[in-house]
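Chemist: Please see the structure below; I have some questions.
The values are calculated or read from the model by the stated rules, or taken from the named source; none is laboratory data. Note that the structure is a prediction, hence the values are computed from the model and not measured. In this analysis, Cβ positions are derived from the backbone assuming ideal geometry, glycine residues included, and neighbour counts consider all displayed protein chains. Accessible surface areas use protein heavy atoms only, side chains included; no ligands, DNA or RNA. Shrake-Rupley method; radii C 1.70, N 1.55, O 1.52, S 1.80 Å.
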Amino acid sequence: MIMAALTTERDITQIPTISSERADAFFTLSAIMAGAFVIWALFEMVFRRSPILAFCLLGSVLCNLNEPIWDALGKLRFHEGNHIAWTQFPDFAQPVHYPYWAMFVYTGFGGVACFVFYKAFASRSWKIFGYAVLGQAVMNIVLEGFIITSAYDYYGEQPWRIGTDFPLWWVPVNYGEMLAGFLLCIAIGHWGLVKGGLTSIALVPCCFSAWQLWAGWPTYATINMDIHGAWRSLAALSGVCIAGASAYLMGRYLFGPLSAATNTAPVEQREREAVPA
């Protein structure tokens with residue numbers, strides 16, 4: 001009974017369709033959101049002399065080339081009727097028809113997320129870092145469980161599909177920008193605001209991909225195997241453990257022990273401090 005609640009199978013044979021009105025709404029609203037993030041990046045550049053968010057947004061564009069890989073492995077399909085940007089894996093029985101709205105969403109899910117985690121790491125505060133980690137989880141569940149879920153779905157047997165169509169095992173697997181923010185913080189400390197910030201163009205898509213396999217490979221493997229659902233739930237739990245342990249180790253490296261006092265110097269000041277290599 002418990003396992004039935006944690007694992008639900010979604011029909012693979014028929015891809016749902018969304019209305020043209022809803023497809024237009026997804027396209028328009030996501031484009032407006034992406035535009036707002038670009039304006040934010042311009043504000044950072046003009047008034048704060050910081051190009052970091054702009055670099056992160058550039059890197060987020062490249063995340064879209066990686067996303068269909070995880071869609072195929074994780075059994076995600078975009079509904080018919082979306083405004084399609086391109087098709088990936090055309091030889092598959094269910095090719096990935098990638099929509100424009102997903103490209104726009106990645107400005108936030110990739111670029112802004114990296115920027116926020118960078119700021120959290122630069123704060124040298126366990127408390128702020130904890131808020132960033134919690135905020136990502138809440139955002140991920142609300143976004144995929146309630147806001148954009150009518151434009152795509154997850155098929156097959158997915159562990160931890162509780163309350164919505166969104167399988168919760170994806171939450172710890174989607175923390176790639178935490179790793180990007182961590183490495184970006186180190187890079188800026190060593191090479192300065194501009195040279196270090198430029199690394200985010202590569203860090204945003206590369207860390208997104210690396211983390212998907214880092215924390216998600218056990219679940220990707222088991223949801224594509226003919227095994228009992230209990231093993232899939234165990235694999236999903238391993239993703240939580242991998243992500244949680246990795247987050248702690250990154251925080252420990254930059255912040256010190258949880259009981260240690262944190263550096264409270266302003267983030268903007270430390271962004272301009274050169275740390276010898």
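Chemist: Can you pull out the chymotrypsin sites (Phe, Trp or Tyr not before Pro) in region 89-130 whose DSSP state is coil and whose Cβ has at most 12 other Cβ atoms within 10 Å?
Modeler: Working: sites: Phe92, Tyr100, Trp101, Phe104, Tyr106, Phe109, Phe115, Phe117, Tyr118, Phe121, Trp126, Phe129; in loops: Phe92.
Answer in residue order: Phe92.
Chemist: Same structure again: Can you give me the accessible area per residue for region 33-84, using a 1.4 Å probe, in Å²?
Modeler: Working: 2340 Å² over 52 residues.
Each residue of region 33-84 exposes 45 Å² on average to a 1.4 Å probe.
Chemist: What longest range of the chain stays clear of loop-exposed trypsin sites (Lys or Arg not before Pro) (DSSP non-H/G/I/E/B, at most 16 other C-beta within 10 angstrom)?
Modeler: Numbers: sites that count: Arg48, Arg49, Arg272.
The segment 50-271 is the longest one with no such site.
Chemist: Run down the lysines and flag those whose C-alpha is under 27 Å from the C-alpha of Lys127, throwing out any fewer than 8 positions away in its chain.
Modeler: Once the sequence-local lysines are set aside, what remains near Lys127 is Lys119.
Chemist: Just subtract the alpha-carbon distance of Thr17 and Thr149 from 0.36 nm times their residue separation and send over the number in nm, one decimal.
Modeler: Values: separation 132, 0.36 × 132 = 47.52 nm, distance 1.23 nm.
So the extension gain works out to 46.3 nm.
Chemist: Can you give the helix-only mean residue ellipticity at 222 nm for the chain, where every DSSP H stretch with n ≥ 4 adds -39500 (n - 2.57) and the sum goes over all residues, rounded to the nearest 500 deg cm²/dmol? Walk me through the numbers on the way to the answer.
Modeler: On the way: 12 runs with 172 residues, N = 277.
Counting only the DSSP helices, I get -20000 deg cm²/dmol.
Chemist: How big is the gap, in Å, between the Cα center of region 101-174 and the Cα center of region 178-247?
Modeler: 12
Chemist: At a Förster radius of 22 Å, what calculated FRET efficiency corresponds to the Cβ-Cβ distance of Trp217 and Tyr253, to the nearest 0.05? Show your work: numbers first, answer last.
Modeler: Values: r = 23 Å, r/R0 = 1.06.
Rounded to the nearest 0.05, the efficiency is 0.40.
Chemist: Return a whole-number percent for the relative contact order of the chain, with Cα pairs under 8 Å and 6 or more residues apart as the contact set. Could the numbers behind the result be given before it?
Modeler: Working: 420 pairs, mean separation 69.7, N = 277.
Relative contact order for the chain comes out at 25 percent.
Chemist: Over the chain, what percent of the accessible surface lies on carbon and sulfur atoms, probe 1.4 Å?
Modeler: Values: 9330 of 13130 Å².
Of the solvent-accessible surface of the chain, carbon and sulfur hold 71 percent.
Chemist: Could you tell me which helices of the chain pass both thresholds, a Cα extent of 20 Å or more along their own axis and a mean Kyte-Doolittle hydropathy of at least 0.5, with helices taken as whole DSSP H runs?
Modeler: Values: long enough: 20-47 (40 Å, 1.25); 52-74 (32 Å, 1.27); 126-142 (24 Å, 1.16); 176-191 (22 Å, 1.40); 200-223 (32 Å, 0.90); 229-255 (39 Å, 0.94).
Sorted by number, the helices that extend far enough and score high enough are 20-47, 52-74, 126-142, 176-191, 200-223, 229-255.
Chemist: Tell me the label only: which of [x] 54, 18, 15; [y] 33, 23, 15; [z] 46, 22, 17 is semi-axes √(5λ) of the Cα gyration tensor in Å as calculated from this structure?
Modeler: Answer by label: [y].
Chemist: If you don't mind, there's one more thing I want to ask. So with the 1.4 Å probe, I'd like the accessible area per residue for region 87-169, rounded to whole Å². Present the calculation step by step, with values, prior to reporting the outcome.
Modeler: Values: 3120 Å² over 83 residues.
Here the residues of region 87-169 average 38 Å² of exposed surface.
Chemist: Starting from the Cα of Lys195, step 7 Å along the direction of its Cβ; do the same at Phe89; then give the gap between the two resulting points in nm.
Modeler: Using points 7 Å along Cα→Cβ, the separation is 4.1 nm.
Chemist: Can you give the extra length, in nm with one decimal, that the chain gains between Cys241 and Asp226 once fully stretched, where that is 0.36 nm per residue apart less the Cα-Cα distance? All intermediate terms of the calculation are to be shown ahead of the outcome.
Modeler: On the way: separation 15, 0.36 × 15 = 5.40 nm, distance 2.39 nm.
Gain in length upon complete extension: 3.0 nm.
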